[in-house]
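Here is the structure we will look at, set down as structure tokens.
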Amino acid sequence: MSDRLNVLKTYKLYVGGKFPRSESGRVYEVTDAKGKWLANAPQSSRKDARDAVVAARKAFGGWAGATAYNRGQVLYRVAEMLEGRRAQFVHEVADAEGLSKSKAAEQVDAAVDRWVWYAGWTDKIAQVVGGGNPVAGPYFNLSSPEPTGVVAVLAPQESSFLGLVSVLAPVIATGNTAVVVASEKAPLPALSLAEVLATSDVPGGVVNVLSGRTAEIAAPLASHQDVNAIDLAGADEVLAKELEIAAADNLKRVLRPQPVDDWTATPGIDRLTAFLETKTVWHPTGSLGAGGSSY
Amino acid sequence: MASASAFEYAPAPESRSVVDIAPSYGLFIDGEFVEAADGKVFKTVSPSTEEVLSEIAQAGEADVDRAVAAARRAFEKWSALPGSERAKYLFRIARIIQERSRELAVLETLDNGKPIKETRDADLPLVAAHFFYYAGWADKLEHAGFGVSPKPLGVAGQVIPWNFPLLMLAWKIAPALATGNTVVLKPAETTPLSALFFADVCRQAGLPKGVVNILPGYGDTGAALVAHPDVNKVAFTGSTAVGKEIARTVAGSRKKLTLELGGKGANIVFDDAPIDQAVEGIVNGIFFNQGQVCCAGSRLLVQESIQDELLDSLKRRLSTLRLGDPLDKNTDIGAINSAEQLARITSLVDKGAAEGAEPWSPECELPSAGYWFAPTLFTNVTQAHTIARDEIFGPVLSVLTFRTPDEAVAKANNTQYGLSAGIWTEKGSRILAVANKLRAGVVWSNTFNKFDPTSPFGGYKESGFGREGGRHGLEAYLDV
């Protein structure tokens, strides 16, 4: 070890492609598993949550309208950037979750691979869940999945990085935009992931990351009229029920907390389909060679 | 009006004798018709004459308990049946409905007030087709894309509306039974009869007792059903306000929820649209079933340059619509379903006029008994008007204009709802571009109000979530 004093990072939020502090000016102490001080993380307010929703809404049209191929490349780019910063994340995850270096490395490697898995899904999910419908009449009839809109994501509390990536990537893979509430006691890997996203061609506002008290930030998100869906992964039973009730006011799509034993297991497509709508388009086919066309 | 005589037809009523309505009906629980535990009853009337059709047992909480328990007992065996056996029961039901379709069509017209032309040619064929379609899924679930061994949820509590009583029953019961669930269904208080006749269809099909239970009642019966702790799945079709209340009720539980709620569908007509077809589509979009349709095209968005031409044609067409006896085969517009609904339509129409929109109706004589409302269209409507925002659920069309496709899309999407939309244009690329931008679950281009069991139906935003119909419709009843 040299006696050089290292430069500490100021951890900031990620909103609309920028890295602001909380408008409230508040921070809270983040410690490692043994209680050693790691950093002061921004403690987001209701106002920060609303700003993040505005940014996510603004980004939605462009991201949902991007080609699936393009979204796939952007998600793959996230994996590339993350791979290059592997050592940093191993270190941060080890601190955050009290894991050995090798266990933390497994988490980070799995997270990189998860981005790759979802990068490959962007241009395949529509063929798996959509398709033509053989209606009993002269109509072309096609069902296609479309992103639900702005999704609030309460990241898992325990798995600060792999859990976070596992809930975030499927939301944006299909063209939704996200407001993520990081693990309350271990927010640093999430805040660092924002730096990766910012350098991965993910358009500003597609992912917004907030740190702070989950219950405080989640309440305004659950009742926000311009949020279309909410993933309650990071909420305990009592909070989840409160938020689900609040979410009913504009009929948000709600993904209830599910027990997850092992975040490294291959995910199915449930998290992709949870935030998809199905649009069915009809058009008369007319007919040829049978006495002219018809509407 | 001068042309009225050209459309005077001799009466052509469908015979009522094909249906035999008993003076009273019980609840259908565990394969038996039984009285309500507290002995409560209510009357169902024919909305076109106000004649009392029958007296119906009204289910209370104790009856909900009893029905859910029966469905729970039936679940073990029903879900364990080979899919191919469940399929055969559903095929039987589909065939019996086809055999009895005229009887059921007349019954539905009597209880609901909609024209026999619609129950005979739309409701009943779709009901039979829906059972036939989902019957075929029952032994193919492992190939449906929901995992290798998808499981039923258990007991489904289902609450349906009065606008398509038997069709909504089919949309609920067919996929639930095909996937191995058992059901407790509450029909609407103004239209309980076809669901009770369906109980008899189940009897004829030899369906095991307890697999289908029918509990007529009011909103409190439905509330007790969706709140029941032993219900695993809740499916509701009805108003957005009640849908939100149900979403709150099931919050924090493990009950799976699907909601099919209100709408304020935009029917967009571009300047190159085939006007005659568009007029037919507009009429069908808002006057089908007296406009009491959640996916009705209740907002007409017409490109400014063709507004006059289109409205002239539309008004001419409306003048030829025949309102009257729903059992008459020539009737286009039947009765409004209830006095309550008529009052709601009337109050919203009054509000529309009070806020400055201009109402227009063809000359139209309303029968002296029953609940009736003349087809109405409003011009000079702005997006801020109540009649452009609230679901009226009646034969009332709000006409707005636009200049560019972007403006049309912005106005179409400017609503809390997202159920249906229509596009009329001859330009293919415009259809695809506009369809792509509309936030609605069903988009009809150069057609409107088409339904099919293979075609997923359901909303975006506050029109609800989940899909009914097609492969998609299975998901609501599977543990996925």
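Table for the structure above
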| item | result |
| --- | --- |
| Antiparallel DSSP beta bridges within the protein assembly as shown, percent to nearest 5 | 40 percent |
| Mean Cα-pair separation over length for the range A:27-284, i.e. relative contact order, pairs under 8 Å, 6 or more apart, % | 26 percent |
| Helical contribution to [θ] at 222 nm, DSSP H n ≥ 4, -39,500 (n - 2.57), averaged over the protein assembly as shown, rounded to 500 | -12000 deg cm²/dmol |
| Chain B - Kirkwood radius from inverse mean 1/r over Cα pairs (Å) | 22.8 Å |
| Long pairs among A:K241/B:K172; A:K12/A:K103; A:K252/B:K256, criterion Cα-Cα beyond 19 Å | A:K241/B:K172; A:K12/A:K103 |
| Partner chain coverage, peptide B:327-335 - average Cβ within 10 angstrom | 0 |
| Shape box of the range B:302-371 [Cα atoms, principal axes, largest first, Å] | 41, 31, 17 |
| Max mean-square fluctuation residue, GNM over chain A, Cα-Cα springs under 10 Å, options A:H283, A:H91, A:H224 | A:H283 |
| Over 31 Å between alpha carbons, listed pairs B:K117/B:K411; A:K47/B:K244; A:K101/A:K185 | B:K117/B:K411 |
| Where trypsin sites (Lys or Arg not before Pro) fall in DSSP loop in the range B:224-268, at most 15 other Cβ within 10 Å | B:R254 |
| Shielding by partners, peptide B:464-476 (average Cβ within 10 angstrom, other chains) | 3 |
| Set of aspartates and glutamates near B:K43 by C-alpha distance (under 16 Å), chain-local residues within fewer than 8 positions excluded | B:E35, B:E51, B:E55, B:E108, B:D111, B:E189, B:E340 |
| A:L38 long-range amide H proximity, modeled H, under 5 Å | A:V30, A:T31, A:D32 |
| Loop-exposed GluC sites (Glu not before Pro) per DSSP, neighbour cap 16 Cβ within 10 angstrom, longest uninterrupted part of chain B | B:52-354 |
| Shielding of B:447-459 by partner chains, average beta-carbon count, 10 Å | 5 |
| Over the protein assembly as shown, volume per residue of the alpha carbon convex hull, in Å³ | 167 Å³ |
| In the range A:203-258, trypsin sites (Lys or Arg not before Pro) in a DSSP loop with at most 15 other beta-carbon atoms within 10 Å | A:R213 |
| In sequence order, calculated HN-Hα J values of the range A:49-62 (Karplus, 6.51, -1.76, 1.60; Hz; x Gly/Pro) | 4, 5, 4, 5, 5, 4, 5, 5, 5, 4, 7, 4, x, x |
| Projected area averaged over orientations for the range A:101-214, convex hull of C-alpha atoms, nm² | 8.8 nm² |
| q = 0.17 Å⁻¹: log10 I(q)/I(0) that the Debye formula gives for the range A:193-294, counting C-alpha atoms only | -0.99 |
| Cα centroid of the range B:222-242 to Cα centroid of the range B:409-480, whole Å | 24 Å |
| 16 Å Cα-Cα reach of A:K124 towards aspartates and glutamates, excluding residues that sit fewer than 8 places from it in its own chain | A:E146, A:D270, A:E277 |
| FRET efficiency for B:E358 and B:H143, using Cβ-Cβ distance with R0 set to 60 Å, rounded to 0.05 | 0.60 |
| For chain A, the fraction of alpha-carbon pairs in successive 5 Å shells from zero, as % | 1, 6, 12, 16, 18, 16, 12, 7, 4, 3, 2, 2, 1, 1, 0, 0, 0, 0, 0 |
| Distant-in-sequence amide H partners of B:E14 (H built 1.01 Å from N, under 5 Å) | B:D328, B:K329 |
| Rounded tilt (10° steps) of A:162-173 against the dominant C-alpha axis of chain A | 30 degrees |
| Under the Karplus curve 6.51 cos²θ - 1.76 cosθ + 1.60, θ = phi - 60°, whole-Hz ³J(HN,Hα) for the range A:177-185, x wherever Gly or Pro sits | 10, 10, 10, 9, 9, 5, 3, 5, 8 |
| The range B:70-84 - phi-based ³J(HN,Hα) in whole Hz, Karplus 6.51/-1.76/1.60, Gly and Pro as x | 5, 5, 5, 4, 6, 4, 4, 6, 4, 6, 8, 4, x, x, 5 |
| Amide H contacts of B:K40 (H built 1.01 Å from N, under 5 Å, at least 5 apart or other chain) | B:Q58 |
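Values in this text are rule-based calculations from the coordinates and carry no lab data. If you're wondering where the values come from, they're calculated on a predicted model, not measured in any experiment. Methodologically, a virtual Cβ is constructed for each residue, glycine included, from the backbone with ideal geometry; neighbour enumeration extends over all protein chains shown.
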